[in-house]
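As structure tokens, the structure follows; a few thoughts come after it.
The values are calculated or read from the model by the stated rules, or taken from the named source; none is laboratory data. Here the structure is a predicted model, which is why all the values come from computation and not from measurement. Cβ atoms come from the backbone with ideal geometry, glycine included; neighbour counts cover every protein chain shown. Heavy atoms of the whole protein, side chains included, go into the accessibility calculation; ligands, DNA and RNA do not. Shrake-Rupley method; radii C 1.70, N 1.55, O 1.52, S 1.80 Å.
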Amino acid sequence: MSTALAEPVVPVRRGWTTAVVLANVGVFAAWLGPIQVLLAKQSEAVAPGNKEFVLGLVTGVGAAVSVVANPVFGAVSDRTTSRFGRRTPWVLAGGIGGAVGLLVLSGSSAVLWMLVGWCLVQLFGNALLAAITAAVPDLVPKKQRGVVGGWVALAQTLGALVGVGLATVVGGVGGGYLACAAFLIISVVPYVLRSGDRPMVERTPLVWRAFWKGFWISPRRYPDFGWAWLTRFLLNLGNGLGTLYLFFYLQDAVGYDDPDVGVLVLTAIYSLCVILTAVSSGAWSDRVGRRKVFVTGSGVVMAAAAGVLAVWPTWTGAIVGAVILGTGFGVYLSVDFALLTEVLPSARDRAKDLGVINIANSLPQVLAPALAAPIVKYAGGYPVLYGLAAAVTLLGAVLVRQIKAVA
């Protein structure tokens, strides 16, 4: 068996983990800066009377691209035989392509060009994410994945903080996009230079029918993988319903005078809480050898955060919600990632299988706008939206118990 497919046994060093985390921070900054601030402000400028629809359209179409791009690029990454390894070429290409998409967005003054730019960001960002995510089960031993998963979890949070910070501090929408693009390029350089990526020696013959068929992973044959996918889908759908319209929630429901600064403040509070819980809970999970109890508990906490936003639409309530959500989300991101790496069907197809899992991250971003926009405008507004988010998140937390192969 190729060394690229062997189960890793040598612990990874801090420098490698830092490079992986930085690349993740870059791609999440490129996504969350626009989603939380820039796309909302751009939608309001392009269509002030229909801002919710435009934001939902752009993010929904981009998420549809993500649904396809992540597993496909993951499968291509699994088959890549470059002397630089299976993952490194796609991390570099994803960083460059994502920056190009942000440059397109920086000059967009019409919905069509917003769609083009955002789809490019999603397409290439998912190429990067598929490769960098698969690097963890490629090179990190199981006994170390809770800790590494905790640091990777911080990357999403730090990416949100960096992206929102760049979008808010740098002047104007165009400048915010340019800053996110520059940071994305810089973020992938350390990993490209020190990836430790192991080349795939054997070239697997490409049979198109088998290639496309491989994206279906039977829940009957691999039930734990199926339950892991479903629970991640539900938890991400609840999170998507709760965060997509945060800018407009502060502006319209809370009545906060400066909603982009409000988003930055809440993101900073949330990020601090994630930092305090992610790595420590991942290490604790490694130490006790259990995953499910942490994921279930974190889902219950996240549902409570959505409930606070539903019944307490004030600035104080938003702060309390951010504290609760950050506390739960830190535990969830670190431990659930470790859990997922332990239910993958095949070492040969790690990136493809994680790409299928990542559909559970991106598909909710397609469904969330379709559900959220009519709820906000016609079916009860933000209390109903956040109540639904709480219910969906709680269901996902309960169903984690169905996974049998992981303690």
Report summary line: Selection from the stretch 58-97 of residues part of a loop (DSSP other than H, G, I, E, B) and open to solvent by 20 Å² or more (accessible area, probe 1.4 Å) yields Thr80, Thr81, Ser82, Arg83, Phe84
Query raised in the report: List pairs: first in the stretch 386-403 and open to solvent by less than 10 Å² (accessible area, probe 1.4 Å), second not in a helix (DSSP H, G or I), Cβ under 9 Å, 6+ apart or cross-chain?
Result: Tyr386/Pro313; Val400/Arg291; Ile403/Arg291; Ile403/Val343
Requested in this report: Give the stretch 58-70 a look and list any residue that's at pLDDT 85 or above and within 23 Å of Arg350 (Cβ to Cβ), or say none.
Outcome: Val65, Ser66, Val68, Ala69
**Report entry** Qualifying position, being modelled with pLDDT of 90 or more and open to solvent by less than 20 Å² (accessible area, probe 1.4 Å), among Leu38, Leu22, Leu55, Leu5
**Finding:** Leu38
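Return yes when Leu102 is at pLDDT 90 or above, part of a helix (DSSP H, G or I) and open to solvent by less than 10 Å² (accessible area, probe 1.4 Å) and no when it is not.
Details: at pLDDT 90 or above: yes; part of a helix (DSSP H, G or I): yes; open to solvent by less than 10 Å² (accessible area, probe 1.4 Å): yes.
Yes: the conditions hold for Leu102.
Pick from Trp229, Trp212, Trp208: which is aromatic (Phe, Trp, Tyr), at pLDDT 75 or above and within 30 Å of Ser346 (Cα to Cα)?
Trp229
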Query raised in the report: Can you name the condition, by its number, that Gly355 falls short on among (1) open to solvent by 20 Å² or more (accessible area, probe 1.4 Å); (2) under 24 Å from Gln144 (Cβ atoms)?
Result: (1)
Query raised in the report: Looking at the stretch 125-152, which of the residues that are of a type in the set (Lys, Arg) and open to solvent by 10 Å² or more (accessible area, probe 1.4 Å) is nearest to Ala63 (Cα to Cα)?
Result: Lys142
Requested in this report: For residues that are surrounded by 14 or more Cβ atoms within 10 Å (Cβ to Cβ) and in contact (Cβ under 8 Å) with a residue 60 or more places away in the chain, tally how many sit in the stretch 373-383.
Outcome: 5
Requested in this report: Might you check whether a residue that is at pLDDT below 80 and either closer than 23 Å to Ser109 by Cα or surrounded by fewer than 24 Cβ atoms within 10 Å (Cβ to Cβ) (or both) occurs anywhere in the stretch 161-169?
Outcome: no
Query - the stretch 315-367: number of residues that are aliphatic (A, V, I, L, M) and within 18 Å of the chain's Cα centre (by Cα) - result: 17
Query raised in the report: Taking the stretch 264-317, which residues are farther than 23 Å from Ala390 by Cβ, assigned to a loop (DSSP other than H, G, I, E, B) and open to solvent by 60 Å² or more (accessible area, probe 1.4 Å)?
Result: Arg290
Query raised in the report: Based on what the data block shows, is Val356 assigned to a helix (DSSP H, G or I) and β-branched (Val, Ile, Thr)?
Result: yes
**Report entry** Which listed residue, of Gly15, Gly74, Gly98, is small (Gly, Ala, Ser), farther than 24 Å from Pro199 by Cβ, in contact (Cβ under 8 Å) with a residue 60 or more places away in the chain and touching a helix residue (DSSP H, G or I) at 6+ places or on another chain (Cβ under 7 Å)
**Finding:** Gly98
